[in-house]
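The values are calculated or read from the model by the stated rules, or taken from the named source; none is laboratory data. Just so it is clear, the model here is predicted, and its values are computed rather than measured. Using ideal geometry, Cβ is built from the backbone for each residue, glycine included, and neighbour counts are taken over all protein chains shown. Please note that ligands, DNA and RNA were not included when accessible areas were found on the heavy atoms of the full protein model with its side chains. Shrake-Rupley method; radii C 1.70, N 1.55, O 1.52, S 1.80 Å.
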Amino acid sequence: MVDLSVNLSGLHLDNPIIPASGAFGYGAEFAELYDLDILGSFSFKGTTKEPRFGNPTPRIAECDGGMLNAVGLQNPGIDAVLAEELPRIRQYFHKPVIANIGGFSVDEFRECCEKIDAADQVGLIEVNISCPNLHAGGLNFSATPEGAAAVTRAVRQVTKKPIYMKLSPNVTDIVAVARACEAEGADGISLINTLLGMRIDLRRRRPVLANETGGLSGPAIFPVALRMVWQVSQAVKIPVIGIGGVDSAEKVIEMMMAGATAVEIGAANLVDPYVCPNIIRALPGLLAGLGVDRISDLIGTAWKNK
Amino acid sequence: MQKQGIYTIQENAPLTREVYRMVLAGNTGAITAPGQFVNIRVEGCYLRRPISVADWDDNTITLIYKVVGEGTRRLSRMGGPGAALDLLVGLGNGYDLDCCGKAPVLLGGGVGVPPLYGLAKRLWRRGITPTALLGFGSADEVFGEREFCALGCPTMVATVDGSYGHKGFVTDLLREAGMRYDYFYTCGPEPMLRAVYDACDCSGQLSFEERMGCGFGACMGCSCKTKYGTKRICKDGPVLKKEEVVW
Ligand SMILES: Cc1cc2nc3c(=O)[nH]c(=O)nc-3n(C[C@H](O)[C@H](O)[C@H](O)COP(=O)(O)OP(=O)(O)OC[C@H]3O[C@@H](n4cnc5c(N)ncnc54)[C@H](O)[C@@H]3O)c2cc1C
Ligand SMILES: Cc1cc2nc3c(=O)[nH]c(=O)nc-3n(C[C@H](O)[C@H](O)[C@H](O)COP(=O)(O)O)c2cc1C
Ligand code: FES
């Protein structure tokens, strides 16, 4: 028997597989297809203080090895999530869920985290700081160590639940941003969010996305995500959740060898709704073939073995 | 409720220069209404391609699609012994047949025509014969007329350049024929949907298109505003009732 369990700051997961925020809604569509309790956990759609429609459509574009999205954080708002989505989730998911929180000001992050702190279903808060700070000329919080630190400090004051800061890869020095979060009391780091990109429609001579630019995800970003997990996990003592382009058990293991304690899977769910159960099923055989009987033994082995 | 499955390609042949008809064999149990769609995994493309179900029976699905880009080009080249596709089926709400009135009219434009065929067939099984108004660019793009006629539907075709049938749009047919109808169903490019919406006094249903990430409601890629709140074209649509549409 291979032991797939991992531990995220005290939150026990039966396995390291977590559908990523934005690619899994609040889980309902997938619960029609398979038993969600086989997952380690899942990170629900990025939730903000107020309901948001998001960006105009088209919001989706395609590219070699991936996709671009400019959904613009469409969500029903934190109060509706607490009153409606969480009770619904309870009907088909019986483990602690990961609450993904978005925001456009430090106060918004603080308020949302304070509210979500009261929900016993939530095992961990993932704070998505790849959003523009409306009080700082639209620069995203994750763009500078100071911005990331300010949000971390604010949310740390309002909750004892594990806080994982989700970082944008669109920065010069990801390590500096991660260290700033750690210094302000973050329990872990989630990375990466999408890379900024765009496509142009030849016939219309205009960007495909109504928002013009959007976030790139999918297999194309896997090497970038892997490199950042590798750098950050060596620089901080807190756990790292590896995200970006993962669509197979092999890539899960690569991510963990690079230093991830758990792995989130985003876009792959959209093209293959069974990707997570398939990976969970494939992991034991793959690990046995590698002579590994505890998946957590693999975390960071690629740099520990240097 | 959506289901994933592998479907073997029984037939994949051109109807016109750019439009193909594909017949797939496999489980069709998830399809509950005409106007629903499938989402097709195409080798070499990252995202699936949404295509309406033109018709289905106990073990086959018929799709009619136009080659417009890389994905549909790849689809058009598929076939041969053992060729198969990974499909998500039973997607979307589809047309509601219960409120069809006594004399429904179907208005289709280009590759918006196919889902209306599946609809016509099911209305016909309920003893209702709809009128079919089909619009295309020009004569060499016309398809489907014979199939609607075979169901006994009064059928008229309009082409924009007048090279076949009436010259003009489907909405011109509606006016010129001075026909009587008490409900409409439509599918086609958005400007056509708008024209139909404006031209018809009666109630009806319109099928919309949007670029999709997943096709089954998970990514919020396809959202639109309606009078009853935000809806996902892929899950709460693609068919919207006239009364809820916000342009
Ligand atoms: C619910 C629904 C039902 C449809 N039914 C049919 C049908 O029965 N017959 C048919 O010929 N076409 C239909 N379409 C349109 C069809 O999905 C597109 O023509 C097709 O995806 C184009 O793919 P491509 O790779 O050839 O083009 P590309 O332009 O190379 O595709 C690039 C990306 O844009 C998307 N895209 C491009 N055009 C459209 C479009 N019009 N709508 C949505 N996404 C698009 C593609 O899916 C892909 O992700 C339908 C679309 C929707 C949303
Ligand atoms: C359609 C879509 C919506 C997303 N929405 C969110 C979101 O609301 N909050 C968030 O933190 N990340 C969001 N993401 C980013 C993913 O969670 C993930 O970090 C990113 O897509 C990289 O992983 P992947 O390559 O496995 O998709 C979204 C991604 C996609 C594709
Ligand atoms: S395409 Fe993903 S929600 Fe509609």
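Key figures for this structure:
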{"read-out": "Some residue of region B:196-209 being modelled with pLDDT of 95 or more, within 14 Å of another protein chain (Cβ to nearest Cβ) and either closer than 17 Å to residue A:60 by Cα or within 17 Å of the chain's Cα centre (by Cα) (or both)", "value": "yes"}
{"read-out": "Test: residue in region A:12-20 that is within 14 Å of chain B (Cβ to nearest Cβ), surrounded by 18 or more Cβ atoms within 10 Å (Cβ to Cβ), within 16 Å of ligand 1 (Cβ to nearest atom) and not β-branched (Val, Ile, Thr)", "value": "no"}
{"read-out": "Those residues of region A:41-58 which are in contact with a Cys (Cβ under 8 Å, 6 or more places away or on another chain) and open to solvent by 40 Å² or more (accessible area, probe 1.4 Å), in sequence order", "value": "A:49, A:57"}
{"read-out": "Which numbered condition residue B:191 misses (of (1) within 16 Å of ligand 1 (Cβ to nearest atom); (2) closer than 30 Å to residue A:266 by Cα; (3) open to solvent by 30 Å² or more (accessible area, probe 1.4 Å))", "value": "(2)"}
{"read-out": "Enumeration of residues in region A:59-74 that are under 15 Å from residue B:221 (Cα atoms), open to solvent by 10 Å² or more (accessible area, probe 1.4 Å) and more than 7 Å from chain B (Cβ to nearest Cβ)", "value": "A:72, A:73"}
{"read-out": "Extreme residue, nearest to ligand 2 (Cβ to nearest atom), among residues of region B:49-78 that are open to solvent by 30 Å² or more (accessible area, probe 1.4 Å) and farther than 21 Å from residue B:189 by Cβ", "value": "B:74"}
{"read-out": "Strands (runs of 3 or more DSSP E) enclosed by region A:191-257 - at least 2 residues per element that are surrounded by fewer than 24 Cβ atoms within 10 Å (Cβ to Cβ)", "value": "A:195-197"}
{"read-out": "Residues of region A:22-51 satisfying the condition of being within 14 Å of ligand 3 (Cβ to nearest atom) and of a type in the set (Gly, Ala, Ser)", "value": "A:22, A:23, A:25, A:27, A:28"}
{"read-out": "Any chance residue A:161 is charged (D, E, K, R), open to solvent by less than 50 Å² (accessible area, probe 1.4 Å) and under 15 Å from the mean Cα position of the chain (by Cα)", "value": "no"}
{"read-out": "For residue B:23: the one exception among (1) crowded, with 19+ Cβ neighbours inside 10 Å; (2) within 19 Å of the chain's Cα centre (by Cα); (3) in a strand (DSSP E or B)", "value": "(1)"}
{"read-out": "Flag for residue A:138 being touching a Pro at 6+ places or on another chain (Cβ under 6 Å) and of a type in the set (Gly, Ala, Ser)", "value": "yes"}
{"read-out": "Test for residue B:117: is it in contact with a strand residue (DSSP E or B) (Cβ under 8 Å, 6 or more places away or on another chain), open to solvent by 10 Å² or more (accessible area, probe 1.4 Å) and touching a residue at least 40 places away in the same chain (Cβ under 8 Å)", "value": "yes"}
{"read-out": "Restricting region B:26-48 to residues that are within 12 Å of chain A (Cβ to nearest Cβ) and crowded, with 24+ Cβ neighbours inside 10 Å, the residue that is farthest from residue B:8 (Cα to Cα)", "value": "B:47"}
{"read-out": "Residues of region B:194-219 classified as within 16 Å of ligand 3 (Cβ to nearest atom) and either open to solvent by less than 30 Å² (accessible area, probe 1.4 Å) or β-branched (Val, Ile, Thr) (or both), total", "value": "10"}
{"read-out": "Matching entry among B:164, B:181 (being at pLDDT 95 or above and more than 16 Å from ligand 1 (Cβ to nearest atom))", "value": "B:164"}
{"read-out": "Flag if residue A:38 is of a type in the set (Val, Ile, Thr), surrounded by fewer than 16 Cβ atoms within 10 Å (Cβ to Cβ), over 26 Å from residue A:216 (Cβ atoms) and more than 7 Å from chain B (Cβ to nearest Cβ)", "value": "yes"}
{"read-out": "Subset of region A:58-99 (residues that are among the acidic types (Asp, Glu) and under 22 Å from residue A:194 (Cα atoms))", "value": "A:62, A:64"}
{"read-out": "Within region A:234-284, considering residues that are within 14 Å of chain B (Cβ to nearest Cβ) and β-branched (Val, Ile, Thr), the one nearest to ligand 3 (Cβ to nearest atom)", "value": "A:271"}
{"read-out": "Failed condition for residue A:104, given (1) within 23 Å of residue A:148 (Cα to Cα); (2) part of a helix (DSSP H, G or I)", "value": "(2)"}
